[in-house]
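Written below as structure tokens is the structure these notes are about.
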Amino acid sequence: EVAVVTGDFDDFDTVLKETGIGGAHEVDGQTGAELLQFLHNPDEMSGYDAIFFAGGHLEDGIFYSLDGSADADVEIVLANLKDYVQNGGVLFASDWSYDVIEETWPSQIDFLGDGSQDSAQVGEPALYECDINNNNLADELGNEQVKMDLDLDAWPVVDSVADEVKVILASDVTWRQGMDTDVEKSSPILVEFESGKGKVVFTPFRMSANLDGQRLKVVQ
């Protein structure tokens, strides 16, 4: 049983079909009232083995407050997400949903930028050659590298991760701020970490943009 918070970018209906998971419960990520109602209900959340966050859903007033003021709704959401994973749930976030992880588990993944909202969204779109740091995945693909499509005009770049975070894919990536470009060496492209009985997974790429060839095997 899985729930999907819908957004503008990733298409988890297609992704889940390709991975053999059907009947996902959709939460409208574009409607703040519906999203808050779901994330304010730990009993409902606990009914799902995994919650997927597709990039491009509402964030202000849900995962953070843009004006920096204390927000009771935000505090409840972050506490419920932590408890959900702590108690055995799996949280999966892709592309622009990185704020969910950055706000809830700030010490686990360090994103490029100054920490302000959306400041990490500077990655240049390209087909990136990624090193595979997982033996089972490398054996499945029969290769130690795989090309992943990061197709958004600006996607969140990971700078570094905590020691306990597993980096499954990493690549040298190009990022741009204004007219300036630079390369982030060995930037994590697929990561996971455990928290209590559960797990958090993050990819800066859209899963639905990688559903062919060896990329599909990575998604699966």
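Where a number appears in this text, it was derived from the coordinates with a stated rule and is not lab data. What you are looking at is a predicted structure, and each value in this text was computed from that prediction instead of being measured. Cβ coordinates were reconstructed from backbone atoms using ideal geometry, including for glycine residues, and neighbour counts include every protein chain displayed.
A helix-only calculation puts the chain at -6500 deg cm²/dmol for mean residue ellipticity at 222 nm, using -39500 (n - 2.57) for each DSSP H run of at least four residues, averaged over all residues.
If you wrap the stretch 146-220's Cα atoms in a convex hull and average its projection over all directions, what's the area in nm²?
Working: hull surface 23.1 nm².
For the stretch 146-220, the mean projected area of the Cα convex hull comes to 5.8 nm².
Please compute, over every Cα-Cα pair in the stretch 108-147, the percentage with a separation greater than 17 angstrom. In whole percent, the share of Cα-Cα pairs in the stretch 108-147 beyond 17 Å is 54. With springs only between Cα atoms under 10 Å apart, run a GNM on the chain and tell me which of 204, 42, 188 wobbles the most. Maximum fluctuation in the GNM of the chain, among the listed residues, is at 42. Say a site is exposed when it is one of the GluC sites (Glu not before Pro), sits in a DSSP loop, and has at most 14 other Cβ atoms within 10 Å; what is then the longest site-free stretch of the chain? So the longest stretch without any such site is 2-143.
Taking all Cα pairs closer than 8 Å and separated by 6 or more residues, the relative contact order of the chain comes to 21 percent.
Hey, how much of the P(r) for the stretch 32-123 falls beyond 17 Å, as a percent of Cα pairs? Could you put the intermediate results ahead of the total?
Working: 2016 of 4186 pairs.
Taking all Cα-Cα pairs of the stretch 32-123, the fraction more than 17 Å apart is 48 percent.
Structure note, pairs 82/197; 166/199; 17/82: Cα-Cα distances above 19 angstrom occur for 17/82. Of 23, 198, 123, the residue with the greatest mean-square motion in the GNM of the chain, using alpha carbon springs below 10 Å, is 23.
Using only C-alpha positions, report the orientation-averaged shadow area of the convex hull of the chain, nm², one decimal.
Its average projected convex-hull area is 11.6 nm².
Given the Cα atoms of the stretch 43-85, and with Rh set as the inverse mean 1/r over their pairs in the Kirkwood sense, what is Rg to Rh to two decimals? Radius of gyration relative to Kirkwood radius: 1.00.
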